[in-house]
Amino acid sequence: MCYIICVTEMKDTTITVRVPRKLKEELAKYGVNVSEILRRALEEEVRKRKREELKAAAAELGEFFSRIPDEEIVKGIRETRDSR
């Protein structure tokens, strides 16, 4: 007996956007690839939000490390170098 298992992973999903009819007509008139433009805009928005998230995390770490005296940092670096 032979079994065939077919697994399909859907990598894309659909997002529906409601726009005024006039805008849709103008997009069609100029041959605008709406899917590509929206895809790029959404990707850019995600990149922007990730950058903001990383900046916030970096600021938080900066605040944390600013509370550590410089002497402690230097001591830690020296101990790490000496242990090699």
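A protection proxy built from the mean count of other Cβ atoms within 10 Å ranks the segments 35-48, 62-75, most packed first, as 35-48, 62-75. Under 18 Å of direct C-alpha separation, and excluding same-chain neighbours fewer than eight residues apart, Lys11 reaches these aspartates and glutamates: Glu36, Glu43. Look at the dipole of the stretch 21-82 built from charges on Cβ: of Gly76, Leu54, Val32, the Cα furthest out on the positive end belongs to Val32. Value of Rg to Rh for the stretch 21-82, rounded to two decimals, is 1.50; Kirkwood radius and Rg both from alpha-carbon coordinates.
For the chain, find the longest principal axis of its Cα atoms and tell me its angle to the long axis of helix 34-66, 0 to 90°, nearest 10. Rounded to the nearest ten degrees, it is 10.
None of the figures in this text is laboratory data; all of them are computed from the coordinates on show. Keep in mind it's a predicted model, so treat the numbers as computed, not measured. As a convention, Cβ positions derive from the backbone with ideal geometry for all residues, glycine included, and neighbour counts pool all protein chains shown.
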